[in-house]
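Inspection log for the structure reproduced underneath, given as structure tokens.
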Amino acid sequence: MSRPNPVYCAVDTIDLAEAARLIRQVAGGVRPAVGGIKLGLEFFLAHGAPGVRYAFPDPIRLTGLGFFLDLKLHDIPNTVAGGIRAVIGLAPSYITLHTAGGKAMMRAAVEETGAQALKLGLPRPKLLGVTVLTSLDDSDLEATGITGAAPAQVRRLALLARESGLDGVICSPHEIAPLREACGPDFVLMVPGIRPAGSASGDQKRIMTPRQAVELGASHLVVGRPITQAADPCAAAEAIAREVGVNNV
Ligand code: C5P
């Protein structure tokens with residue numbers, strides 16, 4: 001039996017035509033090669049909601065693909081709730097926000113997400129927290145007044161996210177095992193920093209293969225360049241999906 005495809009393709013470009021082409025390639029076929037599409041800050045700032053609807057149109061979306069809208073919201077509770085209101089009509093499956101915004105901000109986001117989804121008759125998007133950006137090391141954290149090692153801070157913020165009603169967090173491959181243990185089996189762990197064996201690591205330092213990450217307990221994998229820069233993005237995505245036990249791609 002095949003498992004649901006956990007691979008989200010990160011479409012990191014501000015070129016609208018390029019985004020549309022990539023999405024068509026990896027997700028537009030009868031059997032999509034990915035489980036979902038991630039669009040982030042750069043694409044959304046450049047093209048907004050109309051860009052999302054153009055590059056990732058309903059005929060592709062409605063085949064059951066996930067949509068990860070990675071905006072990493074971080075502001076006062078009222079403004080983050082407003083941000084959620086502004087994008088919920090796009091029916092994202094996942095929206096990200098910074099756990100460092102605190103409990104009140106996360107709770108406001110949870111409440112607004114539930115209320116707006118109900119009002120619009122949409123499935124409730126899941127909210128995922130960003131803990132410590134993987135670009136920060138212990139000395140960067142110390143410079144911002146946070147003493148102690150990064151893993152402890154990641155764990156603290158993940159538990160705060162869960163307590164505040166978030167559905168999961170984004171985490172590096174090396175945080176999967178401790179967070180799965182700390183936050184339980186139902187907490188969503190969305191994991192970037194994935195490189196199929198033998199592919200270029202690019203600027204990613206703490207990488208893991210798709211299979212290792214899934215075996216450790218990742219819920220979803222975010223994969224960008226190994227798919228988007230491949231000569232055949234669809235074939236590259238299919239190979240990753242098969243590596244983690246998805247047979248029907
Ligand atoms: O091309 P690559 O596979 O490295 O892309 C990974 C995606 O995951 C990018 O969209 C990147 O912004 C995102 N990401 C990451 N590391 C994090 C958080 C997000 O690489 N810690």
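The table that follows gives values for the structure above.
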item	result
Pairwise label distance in nanometres, Asp75 with Ala152, each label 7 Å out on the Cα-Cβ vector	3.4 nm
Among 222-231, 143-152, the order from most to least packed when residues are scored by Cβ within 10 Å on average	222-231, 143-152
Additional length obtainable on full extension of the chain from Ala182 to Arg107, 0.36 nm per residue less Cα span	25.0 nm
The chain: DSSP helices with Cα axial extent of at least 18 Å and average Kyte-Doolittle hydropathy no lower than -0.5	103-120, 150-163
Solvent-accessible surface ranking, highest first, for Leu120, Leu157 at 1.4 angstrom	Leu120, Leu157
DSSP-defined antiparallel bridges as percent of all bridges, the chain, nearest 5	0 percent
Average Cα contact separation per residue, the chain, under 8 Å, 6 or more apart, as relative contact order %	21 percent
Between region 94-170 and region 174-224, the alpha-carbon center distance in angstrom	18 Å
Whole-percent carbon and sulfur share, accessible surface of the chain, 1.4 Å	54 percent
Peptides 237-243, 179-185, 127-133, 19-25 ordered by average Cβ neighbours within 10 Å, highest first	127-133, 237-243, 19-25, 179-185
Set of aspartates and glutamates near Lys119 by C-alpha distance (under 19 Å), chain-local residues within fewer than 8 positions excluded	Glu111
Extended-chain gain in nm, criterion 0.36 nm per residue less alpha-carbon gap, Ser2 and Leu118	38.6 nm
Tensor-based shape of the chain (alpha-carbon gyration tensor, a/c under 1.5 rounded, otherwise prolate or oblate)	oblate
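The values are calculated or read from the model by the stated rules, or taken from the named source; none is laboratory data. Keep in mind that what you see is a predicted model, and the values were worked out from it rather than measured. Because the Cβ atoms are built from the backbone with ideal geometry, glycine has one as well, and the counts that use them run over all protein chains shown. Side chains included, ligands, DNA and RNA excluded: accessible areas come from the protein's heavy atoms. Shrake-Rupley method; radii C 1.70, N 1.55, O 1.52, S 1.80 Å.
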